[in-house]
Amino acid sequence: MNTLDKSSNKIDYKGEGFKTKNLFNVIYVEEAAFKYPITKEVLDKYCNLQVITIRHYKDVFNRTNQHFQIQKQYQSLILAVKDKPFLYEGPQVCQNFGYPNFYYTSFLLNCIFDCGYCYLQGMYNSANIVAFVNVEDFKNSIEQESLKKPVFLAVSYDTDLIGFYNIIPYIDYFYGFFKMHPALTVEIRTKSGNQSFYKTHTALDNIVIAFTLSPQEIIEKYEKNTPPLKTRIKAIKTALDQGFKVRICLDPVFINPVADHLYEPFYEYVFSEINANKILDLSFGFFRMSKEFFKRIKKQSEYSDLFLDEYCLNENVISYPKEYQNNIMTRHYQILTNYMKKEKIFSL
Amino acid sequence: MVFIVTALMIEAAPIIEYYSLKKDMSVKAFQVYKNSDMVLIISGVGKIKSAMAVVHLLSIYNKGSKMDGSDVYSNDILVNIGLCGAGDSNYDIGRLLIINKVTDMDTGRDYYPDVFCGKNLPSVSLCCYSRPIKSKDMKVFCDMESAGIMEATKKFFYAHQVLILKVISDYLAPEKLDKKFLKSLIENNITLIDNTLREVKYLNEKFKKFSLNEEESKFVEKIVKNLKFTDMMKQIIVKDIVNAKKKGTDVLNVLGFSLESKVNSKLEGKKIFEHIRQKLK
């Protein structure tokens, strides 16, 4: 909030004075997006925010001279109409959980959370959030693919749909569609503690809520704006109580002398709170990133100290040396298999 | 450094006075005024002149800001301050505006500065024309320089470092204005302009690129000369030093040995270069 002293016209520029109270700095709206109901709902909800009309979201989102970290503090929302393609093949660096037809889709580009290790910092020029408003086009495209073969669809990879639920409830818009297409298995990955969706919708057999969990110390250090571990556990319990299928994602796992000591008590805590038998499966992955994204992040003026560590390059992916990974994974598996069968643990 | 571009002397005069800027007699192509942390250039009217002025300013005053070899002047800001016409009479003459979108009316191209400061100012879109606009039917704000500023700065500044501030001078009837009145429009807003500049400067400072201090910069220059490093080797060393600093390494202490080293050939320099890189890991 601006602390404008009207008598002197002076602004407290050294305090948090100029930081806006709103969730978004401004809302950019594509000319073509105005006619969609989601646009109207968002503009009604945030009627106090400045609206700037744009021709195409890429005119704003793809500008080359954006400062990712400052924009993250003053995120803007861009409402846009997505063109084809609506579905992408699942990337090699992600688990497919045994599904041969693995796809992902992005209703949103970017995330409201601010994780220091996130590849999105290197993937996009902008920290602003693009929200696509033409949900029917997404449905048509997903339907065409899922009628041909059973599909595993990750809908919350480059973002957090449940974290964004109070802004645009995409999963509400798609719930009926997912219900009508049982051959489509949908994974909604989240770090959010928001329980509204689980409380207001009946669980479906083909929806999996995948909660990303980390030790509280890692959350505090690297997962800015995300809810604490306890809140996530609470959300997991609610989802399970409501009959939702729940996946636990231990991803990314870090290897360093400090982090190494955090995981054992973390696993103990998680499985003392959650009945492991009720969990669908567990995914496990070490910190990894494509070489290009890693390089782009290191060119920015600010980045997490994680990017100063030494890593290995293997098939264009930067991560820990394989021997470290094997040693640490063996140790982690020893603990995790106390709670879960090995067949239910997926790793890359 | 704060770079200010105005089209006319009547727009510049209140700023020159407020910040006690002195004319830089060494610059001939444009009128330039400066103090220790601000430079103002009077570009003349039109987007090509404003673009030329930006590039001219940067070529003269910003040598050495880019120690890391990037194309962005991350520690500076550039502000275009001037008058604009308004087709929208919802705002009074003399109102200071902050611009969130610039449209070049010749090319149809849009530019978007990231506006994170000046939240107490009305934030509007601006159309940049090549000649004065007199039609009263157009519900737009217009000027003649902003597109040139946006085009010229996008290679050198982040989107939040460029600020377009305009004061409404007329409702698209520019012929009725006198110089004294126009000057007073900027004068009356000078405190608001100053506050906004302070906000942007503070934000920029807060997110300033982690770089070398003066002592470290001198150190780098010395070893680059003594060890016959190429420009590329210098950039790599600077990057390594910045990373080492982020990890908390006392760089000058660790690299003290290299100050005494001297080489006779580039090959010898290369060996020490690798040794320095190892030490910084």
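Could you tell me how far the Cα centroid of the range A:126-185 sits from the Cα centroid of the range A:51-66, in Å?
24
Let me check I have the definition right: for the protein assembly as shown, take the eigenvalues of the Cα gyration tensor, multiply each by 5, take square roots. What are those semi-axes in whole Å, largest first?
Here the semi-axes work out to 47, 35, 20 Å.
For chain A, what is the relative contact order in percent, using Cα pairs closer than 8 Å and at least 6 residues apart in sequence?
About 14 percent, as a whole number.
Name the residue from A:PRO228, A:TYR269, B:VAL254 whose Cα lies farthest towards the positive end of the charge dipole of the protein assembly as shown, charges +1 on Cβ of Lys and Arg and -1 on Cβ of Asp and Glu.
Value: B:VAL254.
Give me the net charge for the shell around A:ASP309: Cβ to Cβ below 12 angstrom, other residues only, Lys and Arg +1, Asp and Glu -1.
Neighbour charge sum, excluding A:ASP309 itself: +2.
In terms of the ratio Rg/(2.2 N^0.38 Å) built on C-alpha atoms, what value belongs to chain A?
1.03
Take every residue in peptide A:307-316, count the Cβ atoms of other chains within 10 Å of its Cβ, and give the average of those counts.
Mean partner-chain Cβ count within 10 Å for A:307-316: 1.
Any idea how far apart A:THR231 and A:ASP137 come out in nm if each label point goes 7 Å out from Cα toward Cβ?
The answer from the label model is 3.4 nm.
Set the Förster radius R0 to 60 Å, insert the Cβ-Cβ distance between A:CYS47 and B:GLU260 as r into 1/(1 + (r/R0)^6), and round the FRET efficiency to 0.05.
E(calc), rounded to 0.05, equals 0.35.
If each DSSP helix of 4+ residues adds -39,500 (n - 2.57) and the sum is divided by the residues in chain A, what number results at 222 nm, nearest 500 deg cm²/dmol?
-9000 deg cm²/dmol
Once the principal axes of the Cα atoms of the range B:214-280 are found, what is the range along each, listed largest first in whole angstroms?
Computed over the Cα atoms, the extents are 33, 18, 18 Å.
What does the average come to when, for each residue of peptide B:246-254, you count the partner chain Cβ atoms lying within 10 Å of its Cβ?
1
Just to confirm the number: angle between the C-alpha axis of helix B:47-61 and the first principal axis of chain B, 0 to 90 degrees, nearest 10?
Tilt of helix B:47-61: around 30 degrees.
Which entries of A:LYS58/B:LYS47; B:LYS155/B:LYS176; B:LYS28/B:LYS234 have Cα-Cα distances beyond 28 Å here?
B:LYS155/B:LYS176; B:LYS28/B:LYS234
Counting Lys and Arg as +1 and Asp and Glu as -1, what is the net charge of the other residues whose Cβ lies under 15 Å from the Cβ of A:LEU87?
Once positives and negatives cancel, what remains is -3.
Give the residue list of GluC sites (Glu not before Pro) in the range A:16-96 that are DSSP loop and have at most 13 other beta-carbon atoms within 10 angstrom.
Answer in residue order: A:GLU16.
Antiparallel versus total DSSP beta bridges in chain B: what percent is that, nearest 5?
Antiparallel bridges make up about 35 percent of those DSSP assigns within chain B.
Past 24 Å, Cα to Cα, is the threshold; run A:LYS35/A:LYS148; A:LYS299/B:LYS225; A:LYS45/A:LYS82 against it and keep the listed order.
Going by Cα-Cα distance, A:LYS35/A:LYS148; A:LYS299/B:LYS225 fall outside the 24 Å limit.
Could you sort A:VAL60, B:VAL140, A:VAL258 by accessible area so the largest value comes first, with the probe set to 1.4 Å?
Most to least solvent-accessible, the answer reads A:VAL258, B:VAL140, A:VAL60.
With everything on Cα atoms, drop me the angle between helix B:9-18 and the longest principal axis of chain B, reported from 0 to 90° to the nearest 10.
Compared with the principal axis, the helix lies near 60 degrees.
Tell me the mean residue ellipticity at 222 nm calculated for chain B from its helices only (DSSP H runs of n ≥ 4, each -39500 (n - 2.57), averaged over every residue, nearest 500).
Rounded to the nearest 500, it is -12500 deg cm²/dmol.
How high is the relative contact order of the range B:214-280, given as a whole-number percent (alpha carbon pairs under 8 Å, six or more residues apart)?
45
What do you get for the angle between helix B:190-206 and the principal long axis of chain B? Use alpha-carbon atoms, 0 to 90 degrees, nearest ten.
30
Could you state, as a whole-number percent, how many of the C-alpha pairs of the range B:127-281 are farther apart than 23 Å?
The answer is 61 percent, as a whole percent.
What is the average number of partner chain Cβ atoms found within 10 Å of a Cβ in A:60-73?
Counting other chains' Cβ atoms within 10 Å and averaging over A:60-73 gives 5.
Summing Lys, Arg as +1 and Asp, Glu as -1, what charge do residues with Cβ under 15 Å from the Cβ of B:LYS49 carry, B:LYS49 excluded?
Combined, the nearby Lys, Arg, Asp and Glu give -4.
Report the one residue of A:GLY90, B:TYR61, A:ALA127 whose Cα lies farthest in the direction of the positive end of the charge dipole of the protein assembly as shown (charges on C-beta: Lys and Arg +1, Asp and Glu -1; origin at the Cα centre).
Farthest towards the positive pole: B:TYR61.
Can you give me the Cα centroid spacing of the range B:175-212 and the range A:240-293 in angstrom?
Answer, in whole Å: 50.
Tell me, Kirkwood radius of chain B from alpha-carbon pair distances, in Å?
20.9
Can you list the aspartates and glutamates whose alpha carbon is less than 12 Å from that of A:LYS84, not counting same-chain residues fewer than 8 positions off?
Qualifying aspartates and glutamates at Cα under 12 Å: A:ASP137.
Nothing charged except the Cβ atoms of Lys and Arg (+1) and of Asp and Glu (-1): what's the magnitude of the dipole of the protein assembly as shown about its Cα centre? Round to the nearest 20 debye.
920
Starting from the Cα coordinates of the range A:47-153, work out the convex hull volume and express it per residue in Å³.
132
Each residue of the range B:217-227 in order: what ³J(HN,Hα) in whole Hz does its phi give by Karplus 6.51 cos²θ - 1.76 cosθ + 1.60, θ = phi - 60°, with x for Gly and Pro?
Rounded to whole hertz, the list is 4, 4, 4, 4, 4, 5, 6, 4, 6, 5, 9.
With charges set only on the Cβ (+1 for Lys and Arg, -1 for Asp and Glu), what does the dipole of chain B come to about its Cα centre, in debye to the nearest 20?
980
Using +1 at the Cβ of each Lys and Arg and -1 at the Cβ of each Asp and Glu in chain B, identify which of B:TYR112, B:LEU280, B:ASN80 lies farthest towards the dipole's positive end.
Result: B:LEU280.
Over the Cα atoms of the range A:93-166, how large are the radius of gyration and the largest Cα-Cα distance (Dmax), in Å?
For the range A:93-166, the Cα-based Rg and Dmax read 13.7, 39 Å.
Calculate the spin-label point distance for A:THR337 paired with A:LEU23, positioning each point 7 Å from the Cα along the beta-carbon direction, and give it in nanometres.
So the two model labels end up 4.4 nm from each other.
Assign unit charges at the C-beta atoms only (+1 for Lys and Arg, -1 for Asp and Glu), then state the dipole size of the range A:20-347 relative to its Cα centre in Debye, rounded to the nearest 20.
Dipole of the range A:20-347, to the nearest 20 debye: 260 debye.
Name all residues of the range A:291-331 having a backbone nitrogen under 19 Å from the label point set 7 Å from the Cα of A:GLN92 along its Cα→Cβ direction, giving them as ranges.
A:291-296, A:311-323, A:325-326
Which far-off residues, 5 or more places away or on another chain, put their amide H under 5 Å from the one on A:THR53, with H placed in the peptide plane?
The answer is A:VAL29.
Among the listed pairs A:LYS224/B:LYS206; B:LYS34/B:LYS101; A:LYS295/B:LYS201; B:LYS49/B:LYS119; A:LYS295/A:LYS322, give every one whose C-alpha distance is greater than 24 Å.
Over 24 Å Cα-Cα: B:LYS34/B:LYS101; A:LYS295/B:LYS201; B:LYS49/B:LYS119.
The values are calculated or read from the model by the stated rules, or taken from the named source; none is laboratory data. Remember, it's a predicted structure, so these values are computed and weren't measured experimentally. So basically every Cβ, Gly included, is an ideal-geometry build from the backbone, and we count neighbours across all protein chains shown. The accessibility values were calculated without ligands, DNA or RNA, using every heavy atom of the protein model including side chains. Shrake-Rupley method; radii C 1.70, N 1.55, O 1.52, S 1.80 Å.
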